[in-house]
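Notes for the one structure printed next.
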Amino acid sequence: MEHHSLSLLNDIALSIIFATFFSHIARVTKQPLILGYVAGGLLLGPNLGFGLVVNEESIELISEIGLILLLFIIGLEIDLKELARMGKSMFILGISQFVFCVLFGLIFFKGILSGYTGKFDLLYFAIALAISSTMIVVKLLHDKFEVSTIAGRLTIGVLVLQDIWAIIFMGVQPNLQDPQILKIASSLGIGLVLIGVAFLISRFFLSKLFEAAASKPELILITSIAWCFLLCGLAEKAGLSKEMGALIAGVSIAAFPYGADVIAKLSGIRDFFITLFFVALGMKIPIPSIQIITVSLIAVAFVIVSRVITVATPVYFSGKGLRAGVVTGLNLAQISEFSLVILSLGMGYGHISKELESTVLTSMILASVVSTYIILFNDPISRFILSLLAGIGLKEKKENRSESDLTGLPKRDIVILGYFRIAQGLLEGIEREKPEWLNRILIVDFNPVFRQALEAKGIRWAYGDLANPETLHHLGIEDARYVICTISDMILKGTTNRRLLESLKTICHHTQPSIILTTDDTKEADVLVESGAAHVIVPGRISGMSLFKEMKTIVDHSKNGHEKLKAPTQKKPAKKKAAVKSKVRGK
């Protein structure tokens with residue numbers, strides 16, 4: 001037992017070292033880091049590498065832990081309220097893209113995959129090619145500051161709906177060998193019951209537990225992970241996969257305001273285990289044959305063409321513009337890490353052949369490389385495609401709707417970080433003088449006590465730990481025009497106003513908002529202004545000046561009162577003389 005533990009520890013250590021080395025190479029060559037992880041696993045594994053890790057149990061354990069946390073994070077990022085707000089046209093796009101991509105795949109690859117031996121190879125291949133990589137797309141769109149564009153919002157919407165399709169297929173997966181309607185219905189029914197139970201517990205127990213622990217962010221993190229593993233166990237007992245349990249755990253937490261903060265806090269742990277998951281995949285890659293490489297190249301070309309056709313067509317007819325559709329299709333031209341999850345489960349069920357898993361992994365690597373450059377140059381590529389389409393009579397329609405209409409929500413362009421005395425005073429002033437601003441305000445704070453009262457006024461409240469910039473990323477404040485931190489460094493935990501300023505300048509790069517900060521140090525205020533803050537509040541100085549004004553009023557009033565008391569004995573005779581003189585003059 002001790003030998004096995006040491007072996008596992010050694011394998012994890014080697015995995016991280018090789019992944020680190022090759023991910024730095026990927027960074028220098030401007031490739032997705034995932035490719036570096038897979039390359040590290042490739043050279044560690046027994047098939048194409050040095051054979052430094054040969055223990056299959058270690059590889060599977062590393063892969064499974066990574067997979068569970070990956071799916072938990074995916075679940076956390078699926079906001080059901082946001083899904084409901086997407087609108088009919090977004091759902092039509094999400095349905096048509098997936099369904100037509102799968103149909104085209106089944107027809108196109110029927111003859112090409114004739115040499116593959118797995119019973120469900122064709123179905124799995126068509127589904128794998130129909131789903132795009134959330135990880136790669138979101139990262140590249142964030143880097144290009146295109147998440148808030150029409151194409152960016154459409155891209156994110158399609159990715160979310162693709163994840164829903166993948167979840168539905170995962171629910172059906174265990175019964176593909178014996179696809180009886182009752183068994184499939186039973187499997188889906190058990191899944192729905194588990195979702196219902198998870199949401200009830202989240203609503204009436206977890207939400208109160210999170211609220212009680214809100215002042216201890218690390219407690220929220222550990223509670224979330226415990227919830228994830230609890231549902232994994234329940235799902236396995238109910239005949240579903242542990243991965244499905246992790247996904248349901250994530251979705252059930254995402255419905256509450258703590259979801260964004262849990263994602264931010266889990267990002268480090270997630271990245272660690274995702275690294276191990278992709279390293280483990282690299283270890284499993286067999287020596288590729290000419291057939292696998294050929295099919296993979298065809299698959300990459302198919303993904304690019306099918307995405308543009310199945311996305312641009314419904315987007316064009318919905319009135320959002322031909323260019324938005326083409327750019328969205330180009331953004332989605334890669335293969336998802338979720339496809340690898342489905343394939344891993346399919347291998348466990350005995351549904352597919354080793355050759356298919358190798359083909360999809362090779363296709364994903366090639367598509368990821370190509371897609372990186374497609375997204376980076378999506379504008380000139382889309383212009384070229386539009387010029388070709390113009391030649392056959394298809395021309396761009398002007399989009400009349402504003403981008404904010406895509407979400408169906410009012411813009412929250414005033415973001416207040418922290419809700420304590422200063423923020424409360426600020427809101428009192430806004431309510432009194434500018435009540436129309438209330439539906440423009442988003443307050444980010446860790447104390448949920450004021451949430452209901454604020455939301456009753458039309459203000460949006462979100463749970464967030466300001467020490468973690470990822471929280472602000474996930475809360476979507478990149479469109480903010482005014483960002484106000486009402487907490488000084490003395491109260492802030494784990495960060496400072498100076499660090500917040502740098503994070504905010506990065507997150508809101510394209511809008512360049514007016515950033516107002518708070519500090520207790522007058523010298524630090526000067527540094528913050530020089531670093532780019534529009535204004536810096538020094539509470540002590542403001543309080544002192546306010547106190548001086550009050551004191552001046554009291555002293556002046558007291559002085560005037562004192563003079564009035566003395567005035568009758570000193571000036572009465574003079575006034576009489578003046579009065580007499582005037583009377584004399586009058587005569």
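The values are calculated or read from the model by the stated rules, or taken from the named source; none is laboratory data. Only a predicted model underlies this, so the values are computations on that prediction, with no experimental measurement involved. Neighbour counts run over all protein chains shown; Cβ positions are idealised from the backbone, glycine included. To get the accessible areas, we keep the full protein, side chains included, count just its heavy atoms, and leave off ligands, DNA and RNA. Shrake-Rupley method; radii C 1.70, N 1.55, O 1.52, S 1.80 Å.
Overview of results
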{"item": "Boolean, Ile507 is touching an Asp or Glu at 6+ places or on another chain (Cβ under 6 Å) and modelled with pLDDT of 80 or more", "result": "yes"}
{"item": "Residue count for region 188-198, restricted to those that are surrounded by fewer than 16 Cβ atoms within 10 Å (Cβ to Cβ) and farther than 16 Å from Leu230 by Cα", "result": "3"}
{"item": "Lone qualifier among Ile62, Ile34, Ile78, Ile74 - being modelled with pLDDT under 80, part of a loop (DSSP other than H, G, I, E, B) and open to solvent by less than 50 Å² (accessible area, probe 1.4 Å)", "result": "Ile78"}
{"item": "Per-region count, region 360-394, residues hydroxyl-bearing (Ser, Thr, Tyr) and surrounded by fewer than 16 Cβ atoms within 10 Å (Cβ to Cβ)", "result": "2"}
{"item": "Selected residue [at pLDDT 80 or above and either open to solvent by less than 50 Å² (accessible area, probe 1.4 Å) or not in a loop (DSSP other than H, G, I, E, B) (or both)] from Leu472, Leu454", "result": "Leu454"}
{"item": "Residues of region 342-359 that turn out to be assigned to a helix (DSSP H, G or I) and either of a type in the set (A, V, I, L, M, F, W, C) or open to solvent by less than 30 Å² (accessible area, probe 1.4 Å) (or both), as a count", "result": "10"}
{"item": "Single residue of region 493-520 satisfying the filter (without any contact (Cβ under 8 Å) to a residue 40 or more places away in the chain and closer than 19 Å to Ile542 by Cβ) that is most open to solvent (accessible area, probe 1.4 Å)", "result": "Asp520"}
{"item": "Residue satisfying condition, being at pLDDT below 80 and crowded, with 16+ Cβ neighbours inside 10 Å, within set Ile181, Ile150, Ile201", "result": "Ile150"}
{"item": "Looking only at region 103-115, and only at residues there that are of a type outside the set (Gly, Ala, Ser) and open to solvent by less than 20 Å² (accessible area, probe 1.4 Å), the one that is modelled with the highest pLDDT", "result": "Phe109"}
{"item": "Hits in region 37-59 - residues which are surrounded by fewer than 23 Cβ atoms within 10 Å (Cβ to Cβ) and over 18 Å from Asn10 (Cα atoms)", "result": "Asn47, Leu48"}
{"item": "Test: Phe50 is modelled with pLDDT of 85 or more and of a type in the set (Phe, Trp, Tyr)", "result": "no"}
{"item": "Scan of region 224-243 for residues that are modelled with pLDDT of 85 or more, open to solvent by 20 Å² or more (accessible area, probe 1.4 Å) and either outside any helix (DSSP H, G or I) or more than 30 Å from Phe21 (Cβ to Cβ) (or both), ordered by number", "result": "Ala226, Phe229, Leu230, Gly233, Leu234"}
{"item": "Options Ala312, Ala301: the member that is out of contact with any Pro (no Cβ under 8 Å at 6 or more places or on another chain), more than 30 Å from Ile68 (Cβ to Cβ) and open to solvent by 20 Å² or more (accessible area, probe 1.4 Å)", "result": "Ala301"}
{"item": "Test: residue in region 521-537 that is within 23 Å of the chain's Cα centre (by Cα) and either among the hydroxyl-bearing types (Ser, Thr, Tyr) or open to solvent by less than 50 Å² (accessible area, probe 1.4 Å) (or both)", "result": "no"}
{"item": "Residue match in region 244-257 (condition: part of a helix (DSSP H, G or I) and open to solvent by 30 Å² or more (accessible area, probe 1.4 Å))", "result": "no"}
{"item": "Matching residues in region 494-512 - criterion: being closer than 14 Å to Val444 by Cβ and either over 19 Å from the mean Cα position of the chain (by Cα) or part of a loop (DSSP other than H, G, I, E, B) (or both)", "result": "Thr495, Cys508"}
{"item": "Failed criterion for Phe548 (all others in (1) in contact with a helix residue (DSSP H, G or I) (Cβ under 8 Å, 6 or more places away or on another chain); (2) open to solvent by 50 Å² or more (accessible area, probe 1.4 Å) hold)", "result": "(1)"}
{"item": "Given (1) modelled with pLDDT under 75; (2) surrounded by 22 or more Cβ atoms within 10 Å (Cβ to Cβ); (3) not aromatic (Phe, Trp, Tyr), number of the condition Ser5 does not satisfy", "result": "(2)"}
{"item": "Count of region 348-387 residues which are in contact (Cβ under 8 Å) with a residue 60 or more places away in the chain and of a type in the set (Asp, Glu)", "result": "2"}
